[in-house]
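Read through the structure below, which is laid out as C-alpha cells, and then see the notes.
Bear in mind that the values in this text are calculations on the coordinates, not laboratory data. Keep in mind the model is a prediction, meaning the values are calculated, not measured. Cβ placement follows ideal geometry from the backbone for every residue including glycine, while neighbour counts extend to all protein chains displayed.
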Amino acid sequence: MNPGPNDQIKVVRADYADNGHAAALVMLLDAYASDPAGGGEPLSAFAKANLVRELAARPQAYSVLAFDGTAPVGLVNCIEGFSTFACKPLVNVHDVAVLASHRGRGIAELMLAEAERIARERGAVKMTLEVLSGNGGALRLYERIGFAGYQLDPAMGTAQFMQKWLP
C-alpha cells in the first residue's frame, strides 16, 4: 500500500508545559494571525510572550496540535463555556490554523475530531465556532463535519457573531 498524504501527520492534545508544544502553538497562531483569514497582522510581542502561560492558567482552555513528522503544521484552540439552556458545558473552537503548505490535506478535520473527542470527554453538549463568510474552504469543512448555522426558531433567523472591543 502506498503511503497516504497524512501518514506522517500526528495529532495530539497540546501540553502547555512542554517547551516544544509551547513554541509550536505560538508559531502556528502567529502564522494564522498573519494570514488574511486571521486578520493579516502578526501577534504582538505581548501575546507571543504570554499566550501559553495564560492558556495554561485557564482550566477551561485546551489546544490540539498537528505535526508532520516533527514539524508543527496545525493548531486548534478551544475554550470551554457553558450552555445555560442545556445546563452543560459547551466548547468554542476559537482558532483553527493549518500552515498554507499543508492545507487541503484533511489536517483541520483530524484536529477537530480530536477537539471533539476532548469536548465529549468534558461532557460538552455542543461545539461552536465562528468563520468568515469568505473562507469557503473552512465553511465547507465545518458543514461537512456537522456544524451548521445557529438558530432557535427559523422565523427568527440565524445567529450572527458580533464583537465589541473593550479599551
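Residue separation of residue 82 and residue 158 scaled by 0.36 nm, minus their Cα-Cα distance, works out to 25.4 nm of gained length. The three principal axes of the C-alpha atoms in the chain carry coordinate ranges of 49, 47, 33 Å, sorted with the longest axis first. DSSP assigns beta bridges within the chain; of those with both partners inside it, close to 85 percent run antiparallel. Among the trypsin sites (Lys or Arg not before Pro) in segment 68-167, those placed in a DSSP loop whose Cβ has at most 13 other Cβ atoms within 10 Å are 164.
Close amide-amide hydrogen proximity is noted between residue 90 and 81, 82, 83, 125, each under 5 Å apart and 5 or more residues distant or on a separate chain (H modeled in the peptide plane; Pro and chain starts excluded).
Between residue 60 and residue 125, the contour length at 0.36 nm per residue exceeds the Cα-Cα span by 21.9 nm.
Distance between the pseudo-spin-label points of residue 103 and residue 117 (7 Å out from Cα toward the beta carbon): 2.7 nm.
What percent does the relative contact order of the chain come to when contacts are Cα pairs within less than 8 Å and at least six residues apart?
Computed value for the chain: 19 percent relative contact order.
Would you list which lysines come within 29 Å of residue 164, measuring only between C-alpha atoms, while excluding same-chain residues fewer than 8 positions from it? Candidates past the 8-residue exclusion: 48, 88, 126. Only helical runs count toward this figure. For the chain, summing -39,500 (n - 2.57) over DSSP H runs of n ≥ 4 and dividing by all residues gives -10000 deg cm²/dmol at 222 nm.
Full extension of the chain between residue 166 and residue 140 yields a length gain of 6.1 nm, computed as 0.36 nm times the residue separation minus the alpha carbon distance.
Report the calculated FRET efficiency for residue 17 and residue 151 (r = Cβ-Cβ distance, R0 = 45 Å), to the nearest 0.05. The pair residue 17/residue 151 has a calculated efficiency of 0.65. Checking every one of the chymotrypsin sites (Phe, Trp or Tyr not before Pro) in segment 19-102 against DSSP loop status and a limit of 11 other Cβ atoms within 10 Å picks out 85.
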